[in-house]
1. Taking the stated definitions as given, is C:TYR174 without any contact (Cβ under 8 Å) to a residue 40 or more places away in the chain and buried (at least 24 other Cβ atoms within 10 Å of the Cβ)?
2. Just name the residue that is nearest to the other protein chains (Cβ to nearest Cβ) out of those in region A:166-191 that are open to solvent by 70 Å² or more (accessible area, probe 1.4 Å) and more than 29 Å from B:ILE102 (Cβ to Cβ).
3. Looking for whichever is facing chain B (nearest Cβ under 7 Å) and surrounded by fewer than 22 Cβ atoms within 10 Å (Cβ to Cβ) here; the options are C:GLN150, C:GLN160, C:GLN95. Which one fits?
4. If the requirement is being outside any strand (DSSP E or B), open to solvent by 10 Å² or more (accessible area, probe 1.4 Å), of a type outside the set (Lys, Arg) and within 18 Å of C:GLY125 (Cα to Cα), which of these qualifies: A:GLU153, A:GLU109, A:GLU94?
5. Any idea how many residues of region C:200-220 are at pLDDT 85 or above, more than 8 Å from every other protein chain (Cβ to nearest Cβ) and open to solvent by less than 70 Å² (accessible area, probe 1.4 Å)?
6. Taking A:ARG122 as the residue in question, decide whether it is at pLDDT 90 or above and either within 14 Å of chain C (Cβ to nearest Cβ) or in contact with a Leu (Cβ under 8 Å, 6 or more places away or on another chain) (or both).
7. Can you tell me which residue among A:PRO441, A:PRO378, A:PRO340, A:PRO433 is over 26 Å from A:VAL498 (Cβ atoms) and over 26 Å from the mean Cα position of the chain (by Cα)?
8. State which residue is farthest from the other protein chains (Cβ to nearest Cβ) when the search covers only region A:204-225 and only residues that are at pLDDT 85 or above and within 28 Å of the chain's Cα centre (by Cα).
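The values are calculated or read from the model by the stated rules, or taken from the named source; none is laboratory data. Computed from a predicted model, the values in this text were never measured in an experiment. All Cβ positions, glycine included, derive from the backbone under ideal geometry; neighbour counts span all protein chains shown. SASA here: full protein model, heavy atoms, side chains in, ligands and nucleic acids out. Shrake-Rupley method; radii C 1.70, N 1.55, O 1.52, S 1.80 Å.
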Amino acid sequence: MNDRLLSSTVDEAVSSRLSGLLTEDTRPGYSGYLVAPENLLEAVQILRDELGFDYLSSVTGVDYLEEDRLETVYHFYRSTGGSGLVLKSSCSRENGRIPSLTPIYPGAEFQEREAWDLLGIRFEGHPDLRRILMWEGFDGHPLRKDWREPYFEEEAKPFKSRWPDGKAVRSEEKTPFGDNVCFPPDFDPQTWQAEPETVIERLQQDEKPLADEEIQTDRIVVNLGPQHPSTHGVFRMTVMLDGETIVSLKPVMGYLHRNHEKIAERNTFLQNMPFTDRLDYLASMSNNFGYAIAVEKLMGVTPPERAEYIRVIMAELTRISSHIMTTGFLLNDLGAFFTPALYALEERELILDIFEMVSGSRMMCNYFRFGGVVRDIPEDVLGRIRQLVTDRLPRKIDELDSYLTNNEIVKTRCQGVGVLTDVQAIAYSAAGPILRASGVPYDVRRADPYSIYDRFDFDVAVQTHGDVYDRYLVRLQEMRESLKILRQALRDIPGGPVLAGKPQYQVRVPAGEAYGRVEGPKGELGFYVVSNGKPNPYRYHVRAPSFINLTSLETMCMHQKVADAVVVLGSVDIILGEVDR
Amino acid sequence: MSGKGIVHGLGVTLRHLLRTYWDDLKKGRRRYFNPEGIAYRQSPEVDGIFTVQYPEEKLPVPEEFRYLPFLVYDPGPAGEKVLRCTSCGICAKVCPPQCIWITRTTDPETGKPVPTPAEFAIDIDICMNCGLCAEYCPFDAIKMDHDYEIAGYDRMTTNIYTIEQLARSADYYRKIRPNAFASEEKDRLEREAAKAARAGTG
Amino acid sequence: MNPSPESIQNQDYQIPVELRQQVTITTLDRIYNWGRRNSMWPMMFGLACCAIEMICTAASRYDFSRFGMEVMRASPRQADVMIVSGTVTKKMVPQIVRLYNQMGEPKYVIAMGACASGGGPFKEGYNVVSGIDKFVPVDVYIPGCPPTPQALLNGLITLQKKVDHETIKSARWYRSDPVPEIPVPILGPDLIDVRRIEAIRQTIQTLADEAGNRPQEGEA
């Protein structure tokens, strides 16, 4: 890799090296580069190998119905830090094809499947282009702008039937089928045959047999989930076993796909805020943070100082509560049934009390607004946070450390299990503790600082083995670093207003696109928002860290024992609300 | 040494267990069934039992706590309920899942709108308790309730709340949210004083 | 005065004051229901956000073992009550119905939160079932998004009250005829409720006729 290229700015490097392949995106409010589908692979190869953009953060698509094209949007970053690069490539809505990036960036696999499922973008060269969130045989691609759900009322909220002549009526009564379903006109339930599930064939195709097979055994396929005590929600893994060893694994998801993005594109910008709470429901403040940052980028507002500090305090408390719960439940998955989880939940309850006092709800905080937060933190609540941060939480984290870190059972079950190397972690676009446990010190708070994180003194937690144990250690250290940030924030928090401008329910968002990302407890949480100047976002996409972290699940579990798959999944820390959205 | 970590871990759990009883012995009945006891048990310094003995004792909810929305009414001169709502429709417009339906009253003679709702309905099977309606209501007419004990055996007949189920008195509002009520009253009196002063000078 | 057998059967029958310390009288129903209401084992089954509040209810602060409910069973065969805690999606509902069918009688269903009751904030979504009661009978609905742990406890107490008012005589699980299973819905182009196949076919037919008529009218 060329030093001169790395040190020069992104734009210079790109224009000097890729001038023939890329054109600048000059639409007002947009940034990045456009690339023709036939040049995409060549450009991306150069980006990765010569310019150092080795981390493909997000792949998504936008349906520009009026221009009759589907646009795929890629966000690239360098795993060494710094700002990113946006690439876009268009194809026609009918039978449009885009070359798949999965051979170059394996982390694109699930994201491309999602774009195919929801938008109908066909990725050529994708190894396994099946639906991922909906089921095979579902009619249509729901995120297309001309696709309408059964309960469709109007293109955008607020609906006119609510006021001034609103008559309460349940949506069921307004649909022909009397329920949230619609069927194509040529559908005949009597003659129709269900499409068989293809996941078992995929398992057989992708099987990686053990090198030293001593006994010839039959393969067995085991389904874990969607109702399974250790899958952390409605998640399903189908595994193929050779004896007790996993030789092939396919995650099946979508059991909690509740159409966050489709609903969000009908909502106004503000109405999306409470919906983001329900993404990663263990870390609603972080979700609020990411979405607020994305929309603030579009609006061009900056929150006042006090609001920034309050945001950081809330985000770090969220990180602690999420990590402590994950650690407790990891032990659950190891078989230490509920005792560590109960201890962890006790601390989480105390943090939730603070959220309840500040925002009004334990879990669904809905606390951030564009340009600040809803209301100020009263002094007595700040006092309580101080008490927690200086006394209780450090004590309890030390206790957790003392009874888990050196426990022999934890060590035997976790060390060397579910290993992901640093190269693999970057290639699979893993984020958060997974990435950092593999030896890549990449934390958005440091790599591309947002809000006021550049003011705080903290270390990026990093470990080198990339196994379950190191992920646990990274989470433990991150909790301590969060406490460090909290202590500094509580010391420095200034007085003043907590919201820029007046509270308004209909914000003006100029046309354009923005990608806001924060380091959530699960990893890089990104919000890609496209506005066309109307009160509703034209496109709204969530780069969900736990969804993308699952891309590497097969690699992590390969040739491990089936009992360890549960532990590996516990260490990935998935939240189904975010995986399936 | 092998086994040391496990023994230490068991020691921690044993300490937790003993502390539970130690705290009970030390504080005795003072820990239970009184507000101070509950407050102590939920504070960061507590060591022993953390449990709230619901339903005999209830965890007090903070003032900002939100559950379902309700409509505030003031007592009228003849003891009737005067809703603060002017049916401006902001809550229905801001509601994220669109679970609020408002019918505006129109004057039967002139056909012009009258600032009071004829019908007001909230489908609580859709409401997401986000509090945006209360936050953006310019008349302090819709607020978030603290009552969470509303489980029932049926939803089709009961769970679309109309004005009868939604209306709560201003007194009730003052009781559950004293600070918010006080500051809103202060603002209102100031506004009225300013209006009177303007009228006086005009 | 001797109480008539009917009045003892009445759930609200009170023991006369002078007899309170000497005898214990109860009805079979009462002791039967007392036993059942204090050992309601929930199924360890979480769907979405509400499941986290359910876990918190099981944890030390709210601790539903005080009601004999701490034995969360991962197997439907061993569970008495299914707490549907979260958004029911079309992709998930076949599994939920199957789990319900596998539960042994007596079985109860609690719809926890707005989503499970009626679809909740995600009701308009294309992959969301508007209420689990479209498929399985629900005993208690708990509104809220999400219901706080105390609200869930209130719902569980409401269920206990329901159990208190049941009687052996009319219990459906002691009848000789088998309790019919609920047919598992199928995932086709959209969710197909097997019980309504004929209605669906007719509606498609009607819609097709309407669509067929409209352009003809236009031409005419």
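1. Spelling it out, it is not the case that C:TYR174 is without any contact (Cβ under 8 Å) to a residue 40 or more places away in the chain and buried (at least 24 other Cβ atoms within 10 Å of the Cβ).
2. A:PRO185
3. After ruling out the rest, the residue left standing is C:GLN150.
4. Going through A:GLU153, A:GLU109, A:GLU94 in turn, just one is outside any strand (DSSP E or B), open to solvent by 10 Å² or more (accessible area, probe 1.4 Å), of a type outside the set (Lys, Arg) and within 18 Å of C:GLY125 (Cα to Cα): A:GLU153.
5. 0
6. In short, yes.
7. A:PRO340
8. Across region A:204-225, the extreme among qualifying residues is A:VAL222.
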